[in-house]
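Student: The structure that follows is given in the form of structure tokens.
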Number of protein chains: 4
Amino acid sequence: MELKVGRKKKNTKTVINVKGVEIGAGEPIIIAGPCAVEGEELYLDEAQFLKSLGVEILRGGAFKPRTSPYAFSGLGVEGLKILAQAREITGLPVVTEVMDPRDVEIVAEYADILQIGSRNMQNFTLLKEVGLIKKPILLKRGLAATIKEWLLAAEYIVDSGNEQVILCERGIRTFEDYTRNTFDLAGMVAALDLTHLPVIADPSHATGRRELVGRVALGAVAAGADGIMLEVHPRPEEALSDGRQSLDYNEFKKLMDKIKGFKSQSILL
Amino acid sequence: MELKVGRKKKNTKTVINVKGVEIGAGEPIIIAGPCAVEGEELYLDEAQFLKSLGVEILRGGAFKPRTSPYAFSGLGVEGLKILAQAREITGLPVVTEVMDPRDVEIVAEYADILQIGSRNMQNFTLLKEVGLIKKPILLKRGLAATIKEWLLAAEYIVDSGNEQVILCERGIRTFEDYTRNTFDLAGMVAALDLTHLPVIADPSHATGRRELVGRVALGAVAAGADGIMLEVHPRPEEALSDGRQSLDYNEFKKLMDKIKGFKSQSILL
Amino acid sequence: MELKVGRKKKNTKTVINVKGVEIGAGEPIIIAGPCAVEGEELYLDEAQFLKSLGVEILRGGAFKPRTSPYAFSGLGVEGLKILAQAREITGLPVVTEVMDPRDVEIVAEYADILQIGSRNMQNFTLLKEVGLIKKPILLKRGLAATIKEWLLAAEYIVDSGNEQVILCERGIRTFEDYTRNTFDLAGMVAALDLTHLPVIADPSHATGRRELVGRVALGAVAAGADGIMLEVHPRPEEALSDGRQSLDYNEFKKLMDKIKGFKSQSILL
Amino acid sequence: MELKVGRKKKNTKTVINVKGVEIGAGEPIIIAGPCAVEGEELYLDEAQFLKSLGVEILRGGAFKPRTSPYAFSGLGVEGLKILAQAREITGLPVVTEVMDPRDVEIVAEYADILQIGSRNMQNFTLLKEVGLIKKPILLKRGLAATIKEWLLAAEYIVDSGNEQVILCERGIRTFEDYTRNTFDLAGMVAALDLTHLPVIADPSHATGRRELVGRVALGAVAAGADGIMLEVHPRPEEALSDGRQSLDYNEFKKLMDKIKGFKSQSILL
């Protein structure tokens, strides 16, 4: 497989620099925030709290893909504006999902990283569209995508002209339903070997259970993840989506301390 | 689940009439054609052959979703025009896939039924867009979609205003790799019970193996499918895509004879 | 794969004759009975009812594999004796499961066909043991077994000296949980091609839902199954196991009529 | 779920002491050895090498479950004797698999821990038999077993009278075939919460690829595994089974150094 995203074509690790934050440079970066941007005050408060704990990139959904047409689907452009405010206040870059090829331009106007969700991993129209812009793309693995298909989805973006792709393992769908999905640790490690692109982990969606998120995150860091993306909410039980898998502030602070311990002791190098 | 597509909301079967062909009215209808429209002469010849055997709807891809960006991705609008020609010559309605919300208008101009492929089953942007037109939509089940998610995807289309949705079971992804996918016969039967929409089967994509297609098709018909969609190619070994699962003319003719036998003996009623 | 069970080694269909009932000879045979033998009177009554409808082989569990150690696990030898009585009264052969290599002898004393359950498909100790006896073995596919592994399990039995193996597709485990398992129709058809052994279907365990069983059975017959194994119980809601998937007498009678219709019209030849 | 293996019944961690090695006491223990015992000299040499690196328990198969009846299936009792010799020379306890309930006695005579392989996780006959002895049982998760089913299999052993059960996550079967199985890190973490029994990881079988084993092992340790079981072979390319997933001596030594680093810095507490 002589892909542009493959190690055979280019064997030096791709480092993606987003407003000074380097992804793929050795230290795992932390991306955190609520599943959805639910309101201005709530989001700006959370952004500042997360910054104070050392979070490097903020996340938050403005356009939310929902299994049911009747579920809360995000604040749209209003949400994008709140994200931009958060960036101004904290200085941290923001990542948010884009679902519609016609929205790529406006999302790119507000966000620093555009996310392609797992349901759209093989939305080739959308992949080609985000391949035309100059901002990094965070490409989630599809819930039934093989590693090869995931890399080929990234290839669509790179082949369209955008080499800044971050892969994100977020769990695959299996028969096990105690967890929301099955976090594929070995698949993440394999992707780190097969491609020169940064590969991060999303233990929140992978597990769907708050109590498992922290240990799975530590496992992913120890196995070499270039970053971790986490859902955090001040009151998870009130979240408009994914509350079951969101860490509260206290849980998140404890996890950050452990990850910092890992980093400071250079165990991962 | 009190969905608009559900039996609880409406317990009479939805019958979709496409240029006189009734889908969901009791007799299973046959949709056939090559995976992709590869050229004018080839397609028009095939269309006439298929009509002569009793095929009721023609299929053929103009916009092809492909796992790799380097694979043949269809003739685009040129392909749509060939489909329209085939309809004119044969009088049969045509179905073809749409992948991009911006293409819905032009595809609807040429095609009688618009297909949403399995990779796009949760492309909610696209679902809402085809919900705005007045033509029937053939919605394939996603390769890792539960029956519930499949019905909710249909609900997006119906809730947007288009009640003419045909569901298509085309195999799900499992550990078994002898077949391309695992045809979920019981899932198809369950969908027939849970929704009032017509449900058809696609044994070509489900099995990925020509020698299995016929018997799986007969099984689907006996279990109550409202129709069967099949890939047929005059010389499968030369097909630009999916040759391995396409029936040749001889195989297809034999299968049609068996299905006619089923129909004439009213075994299915 | 030059296996003894493979078509390359022997291309004539193996027909297994159990007390005059021929399995693999063209006509699909019907095996039916309750999940477990729950008591003498109940079982003997049911056996006579099933015979009156044309059932050719009786089933009933005496040793029941149960996920929990606290669930009803069968009547053991007492159950075997009831099965033998049923055979005497009806003249029909009986099939029952054996789980322990040390029980093979006693089960073979009472039963006409010994069943290896899906959980034991790769219990190689047991496979070798039933390979030493002279009675037919019904080998269920493991719930996560590939077709190749299933055939290799049969190979263990045949290689140990017993060529009378009947394969049974009973559903595989996938992400879909609306049904208990996913009935793999194409896998059943593939097995019919790859091996000369008879292949039957068990729609009761495959679907786990009474209302789906009949149509899945018809689908399997139309696709070429050499037989169908069904769970039937006079009062499914009172069954000690698997009531949810057992047909009641009325449902079973209707299904038998449809299958007879199939047979009499020779549609399957 | 008020199981004897559950936290609700007993909330203090079960610590299993095998000849002085404590499993479940906080520090992850390392179990290593070749897949199969292939010969006396080879095994004794390896045992001493592994001991010199700090391995705490030796592994090696004498009775090997093999998918094909024609593959190497172990040295049997001869292999058990070699394991006992290795224990004498090194002082380390040994673990080996038992497949046949009739072999439990003799395997228990030679081995310190008896392993139930994944194919036998629901071989209830065998589970009850090992529940009658006084030695620890290492219970591998079945390749399609849910966490609940895995705990219920342990319950069979405990309910039969043997409370010394060690659970082992070794990968589940999914659609992804780049790795041999899918290592379920979150499932391992969930099991650590749901049961008081020790839970270890087997990254060799989980990944099936030597180059992934080390990082998956580190991930499992960081996530809280009570131990790691690894396949090591002096010349993996010559191994009679599982060579593709066995670490060579050099790779294993590097991994041991990293794991020791983890331990010494108390990061895991």
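Student: Take the rotation relating chain B to chain A, measure from its axis to every Cβ in chain B, and name the nearest residue with the distance in whole Å.
Tutor: Minimum Cβ distance to the axis, with residue: B:A144, 2.
Student: Using the 10 angstrom Cβ neighbour count as an exposure proxy, how do C:L114, A:L212 rank, fewest first?
Tutor: Listed from fewest to most nearby Cβ atoms, that is C:L114, A:L212.
Student: Rounded to the nearest 0.05, what FRET efficiency do D:Q48 and C:D177 have when you use their Cβ-Cβ distance and R0 = 51 Å? Mind dumping the intermediate values first?
Tutor: Numbers: r = 50 Å, r/R0 = 0.98.
Efficiency, rounded to the nearest 0.05: 0.55.
Student: Among all the aspartates and glutamates, which ones have a C-alpha under 13 Å from D:K263's C-alpha, if same-chain residues fewer than 8 places away are not counted?
Tutor: Partners found: D:E27, D:D226.
Student: Another question, if that's okay. What share of the DSSP beta bridges in the protein assembly as shown is antiparallel, in percent to the nearest 5?
Tutor: Working: 22 of 122 bridges.
The antiparallel proportion sits near 20 percent.
Student: Given H placed 1.01 Å from N in the peptide plane, which residues other than close sequence neighbours of A:L138 have an amide H under 5 Å from its amide H?
Tutor: A:L114, A:Q115, A:I116, A:I166
Student: Need the list of lysines near B:K81 for cross-linking: C-alpha distance under 24 angstrom, and skip anything on the same chain fewer than eight residues off.
Tutor: Counting by Cα, and skipping residues close in sequence, B:K81 has these lysines nearby: B:K19, B:K51, B:K64, B:K134, B:K135, B:K140.
Student: What lysines sit close enough to B:K9 to cross-link, taking a C-alpha to C-alpha distance under 17 Å and skipping anything fewer than 8 places away on the same chain?
Tutor: Within the straight-line limit of under 17 Å, B:K9 reaches these lysines: B:K148.
Student: Taking the label point as lying 7 angstrom from Cα along the Cα-to-Cβ axis, what are the distances from C:I106 to the corresponding position in the remaining copies, in ascending order and in nanometres?
Tutor: Inter-copy label distances (nm, one decimal, shortest first): 2.4, 7.5, 7.5.
Student: What are the nm distances, shortest first, from C:K19 to its equivalents in the other copies, labels at 7 Å along Cα→Cβ?
Tutor: Reported distances to equivalent positions: 5.4, 5.9, 7.9 nm.
Student: Using a label point 7 Å beyond Cα on the Cα-Cβ vector, give me the inter-copy distances for D:S52 in nanometres, one decimal, shortest first.
Tutor: From this label point to the equivalent ones elsewhere in the assembly: 5.6, 8.0, 8.0 nm.
Student: Taking +1 at the Cβ of each Lys and Arg and -1 at the Cβ of each Asp and Glu, which of C:L197, C:G224, C:V94 sits farthest along the dipole of the stretch C:16-261 towards its positive end, judged by Cα position relative to the Cα centre?
Tutor: C:G224
Student: Now a separate question. As an exercise, use a Förster radius of 35 Å and the Cβ-Cβ distance of D:Y70 and A:T12 to find the FRET efficiency, rounded to the nearest 0.05.
Tutor: Efficiency computed from Cβ-Cβ geometry: 0.15.
Student: Here is a further query. Treating only the Cβ atoms of Lys and Arg (+1) and Asp and Glu (-1) as charged, compute the dipole magnitude of the stretch A:1-84 about its Cα centre; round to the nearest 20 debye.
Tutor: Details: 12 positive and 10 negative charges, 165 e Å.
Using only the charged Cβ atoms, the result is roughly 800 debye.
Student: Sort the following peptides by mean Cβ neighbour count (other Cβ atoms within 10 Å, averaged over residues), highest first: A:30-42, A:46-58.
Tutor: Values: A:30-42: 22.2, A:46-58: 19.9.
Listed from highest to lowest mean packing, they are A:30-42, A:46-58.
Student: Sticking with this one: Below 8 Å, C-alpha to C-alpha, sequence gap of six or more: please give me the relative contact order for the stretch A:16-261 in percent.
Tutor: Rounded, it is 18 percent for the stretch A:16-261.
Student: Quantify how strongly other chains surround peptide A:152-165 by giving the mean number of their Cβ atoms within 10 Å of each of its Cβ atoms.
Tutor: Values: counts 6, 3, 0, 4, 5, 1, 1, 3, 1, 0, 0, 0, 0, 0.
Mean partner-chain Cβ count within 10 Å for A:152-165: 2.
Student: Specify the inter-centroid distance of the stretch A:156-174 and the stretch A:63-104, based on alpha-carbon positions, in whole Å.
Tutor: What the calculation gives is 19 Å, centre to centre.
Student: Can I ask one more? Starting at the first residue of the stretch B:2-17, write each ³J(HN,Hα) from the Karplus equation 6.51 cos²θ - 1.76 cosθ + 1.60 with θ = phi - 60°, in whole Hz, x for Gly and Pro.
Tutor: Rounded to whole hertz, the list is 8, 7, 4, 7, x, 5, 6, 6, 8, 9, 8, 4, 7, 10, 9, 9.
Student: Here's another thing I want to ask about it. Decide, for the protein assembly as shown, between rounded, prolate and oblate: order the square roots of the alpha carbon gyration tensor eigenvalues as a ≥ b ≥ c, take rounded if a/c falls under 1.5, and otherwise choose prolate if a/b is larger than b/c, else oblate. Please list the in-between numbers first.
Tutor: Details: a/c = 1.74, a/b = 1.00, b/c = 1.74.
The shape class here is oblate.
Student: For chain C, with only Lys/Arg (+1) and Asp/Glu (-1) charged at the beta-carbon, what is the dipole magnitude about the Cα centre, in debye rounded to 20?
Tutor: Values: 34 positive and 37 negative charges, 154 e Å.
Taking the Cα centre of chain C as origin, the dipole is about 740 debye.
Student: Here is a further query. Could you work out how far the C-alpha centroid of the stretch A:1-19 sits from that of the stretch D:203-269, in angstrom?
Tutor: Cα centroid of the stretch A:1-19 versus Cα centroid of the stretch D:203-269: 27 Å apart.
Student: Per-residue HN-Hα couplings for the stretch C:23-36, Karplus 6.51 cos²θ - 1.76 cosθ + 1.60 at θ = phi - 60°, whole Hz, x for Gly and Pro?
Tutor: Values per residue, Gly and Pro as x: 9, x, 8, x, 7, x, 9, 10, 10, 8, x, x, 4, 10 Hz.
Student: Please find the FRET efficiency linking D:D193 to B:E88, where r is the Cβ-Cβ separation and R0 is fixed at 56 Å, and quote it to the nearest 0.05.
Tutor: Details: r = 65 Å, r/R0 = 1.17.
The calculated FRET efficiency here is 0.30.
Student: Place +1 on the Cβ of every Lys and Arg and -1 on the Cβ of every Asp and Glu in chain B, take the dipole about the Cα centre, and give the residue among B:S118, B:V77, B:L151 whose Cα lies farthest towards its positive end.
Tutor: B:L151
Student: Just from its helices, what would the mean residue ellipticity at 222 nm be for chain D, if runs of 4 or more DSSP H residues each count -39500 (n - 2.57) and the sum is divided by every residue, rounded to the nearest 500 deg cm²/dmol? Could the numbers behind the result be given before it?
Tutor: Numbers: 9 runs with 98 residues, N = 269.
Counting only the DSSP helices, I get -11000 deg cm²/dmol.
Just so you know, all these numbers are worked out from the coordinates, no wet-lab data involved. In this text the structure is predicted, and so the values were computed from the model without any measurement. No Cβ is skipped: glycine too gets one built from the backbone with ideal geometry, and neighbour counts run over all protein chains shown.
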